[in-house]
Every structure is written in structure tokens, then in C-alpha cells.
1. For the chain, give the percent of accessible area contributed by carbon and sulfur heavy atoms, probe 1.4 Å, rounded to a whole number.
2. For the chain, give the magnitude of the charge dipole about the Cα centre (Cβ charges: +1 Lys/Arg, -1 Asp/Glu; no others), in debye to the nearest 20.
3. Tell me which label goes with the value of percent of Cα pairs over 18 Å apart computed from the coordinates here: (i) 45; (ii) 53; (iii) 39.
4. Against the longest principal axis of the chain, how steep is helix 43-52, in degrees 0 to 90 to the nearest 10, with axes from Cα atoms?
5. Based on DSSP H runs of at least 4 residues, each adding -39500 (n - 2.57), what is the mean residue ellipticity at 222 nm of the chain after dividing by all its residues, to the nearest 500 deg cm²/dmol?
6. What is the angle, in °, between the Cα long axis of helix 2-18 and the longest principal axis of the Cα atoms in the chain? Nearest 10 is fine, range 0 to 90.
7. Among Pro20, Ala10, Gln51, pick out the residue whose Cα is farthest towards the positive end of the charge dipole of the chain, where Lys and Arg carry +1 and Asp and Glu carry -1 on C-beta, about the Cα centre.
Amino acid sequence: DRERLEHRKAVYESAKRRHPQRWSGNTRNWEIPGAVSLNPGKLHEIERNKQAA
């Protein structure tokens, strides 16, 4: 995941340098968010998130 995100970040930064007029602000945040859950309120998801932390 980290390698793919670093590559995407480099691609976006390169595009921004080549065509600054297309960008009104910064690119997105490419940091890894950590564990995520589609249904965080469900008991099995809560247990899975505890194990991932």
C-alpha cells in the first residue's frame, strides 16, 4: 500500500508541476489512514478493528 501511495503522490506532484494552471490548491492527502471499517457499529467489525490496532 505504501509503495503504491508514494507512486501516486509522485505522479500527482509531477502533473501539478507540468500544468500548474489545472490545480487550484494542494493535491490530496496520500498518507495511509490505518485500519478502516465499512460497518464500524457491527460487533464483528469492532472486534476486527481491535485486533488490527
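1. Details: 2440 of 5090 Å².
Percent of accessible area from carbon and sulfur atoms in the chain: 48.
2. Details: 12 positive and 7 negative charges, 67 e Å.
Roughly 320 debye, rounded to the nearest 20.
3. (ii)
4. Here the helix axis deviates by roughly 60 degrees.
5. It lands at -16500 deg cm²/dmol.
6. 30
7. So the residue furthest toward the plus end is Pro20.
The values are calculated or read from the model by the stated rules, or taken from the named source; none is laboratory data. Just so it is clear, the structure is predicted and the values come from calculations on it, not from any experiment. Please note: Cβ atoms are built from the backbone with ideal geometry, for glycine as well, and neighbour counts cover all protein chains shown. All accessible areas refer to the heavy atoms of the entire protein, side chains included, with ligands and DNA or RNA removed. Shrake-Rupley method; radii C 1.70, N 1.55, O 1.52, S 1.80 Å.
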